[in-house]
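As structure tokens, the structure follows; a few thoughts come after it.
The values are calculated or read from the model by the stated rules, or taken from the named source; none is laboratory data. As the structure is a prediction and not an experimental result, all values here were calculated from the model. So basically every Cβ, Gly included, is an ideal-geometry build from the backbone, and we count neighbours across all protein chains shown.
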Amino acid sequence: MKKLGKIARTSGTHGAIKSKGNSGGRTLLEVRVSKAQANLSASRKKLLHMILENPEDTFFLSSRELAKRYEVDAATIVRTTQALGYRKFAEFATDLRAHFITRITPYTALKAASREKRTLADRVGHSVETDLRNLHSLQTALDPKRVIALSKLVKRADRILVVGIDLAASLSWHLAYGLMHLGFPAEAPVGGTGTVQRKVRTLTSKGLLIAISFGQCLRETVEAALRAKEQGVPTFGITDSEITPIAEACDDFCVASVASPSFGSSYVAPMAILGAILVACAHLQAPSRTLALLRRSEDEDRADHRWYRPRQDGGA
């Protein structure tokens, strides 16, 4: 347990992703801390120093858990964030995640979680709590206009490429499958860098590229978005911060937290965004067209005996 009186060793914050705008390469949180220095007490400066220099300890904690970690009361945490100009702790937590986006790895996340004195049942519960927190953050911050704007791009596109690499491939496949089900020409390319690059080269200004990546963002996904943009292809990103490489590379984007107390990212919030996109796409086009497509698919599924049906004699 780190006490407020003990300042953690300085490790520097130069690895954090740069925020947009003229901030001298500092994150939004660093800018706020710098501006508030003159009005911060010595104890608050020490507290903020420890929080900023120990991402593996503070990345996914609530205000109550953060207070427990540094042996102060929750009110102190809230008042300290308010001294930086934040109205709510949730706003501070969002900038904190963005600040640590290049420093949190599966190793550091699991290392931090292993330090928590929890039972196995508590860890399971905490994981679900984090997922719910991510969903709540999405619910309060998601701008429906961005989703609607994307659905309009989907409607006019002659080809849609959904790029998600590694674990995010599950998200790209899900979105592409859903769009195809609604009658849109979407695909999620599989294979190595060469496959993705060749697919992107065939896109024109009438196409659309949707890039999905989080944290530091995978090079292949970012380069695919940049290459598509150079070709005049509209691009849209799904990521977990306004200052990730995907957010910087794409014309527009939606943000969904993937914070998790485990070694793997939580895809609960990104899946919710995909669901919202598919809903918008389904209702943007004429309902009769969508219903006709789904009815045809349903008839084909019945004809192909796709679904399990027990036999009359009790067999399969």
Inset, instruction - Please work out which one of (1) closer than 20 Å to Ala272 by Cβ; (2) modelled with pLDDT under 90 is the condition Gly194 fails and give its number. - result: (1)
Legend entry - Search result, residues across the range 131-156 that are under 15 Å from Ala211 (Cβ atoms) and crowded, with 22+ Cβ neighbours inside 10 Å: Leu150, Val154
Inset, instruction - Hey, could you check the range 157-185 for residues that are of a type in the set (Gly, Ala, Ser) and in contact with a Lys or Arg (Cβ under 8 Å, 6 or more places away or on another chain) and say which is surrounded by the most Cβ atoms within 10 Å (Cβ to Cβ)? - result: Ala157
Inset, instruction - Take the residues in the range 16-57 that are part of a loop (DSSP other than H, G, I, E, B) and modelled with pLDDT of 60 or more, then tell me which one is farthest from Thr80 (Cα to Cα). - result: Arg26
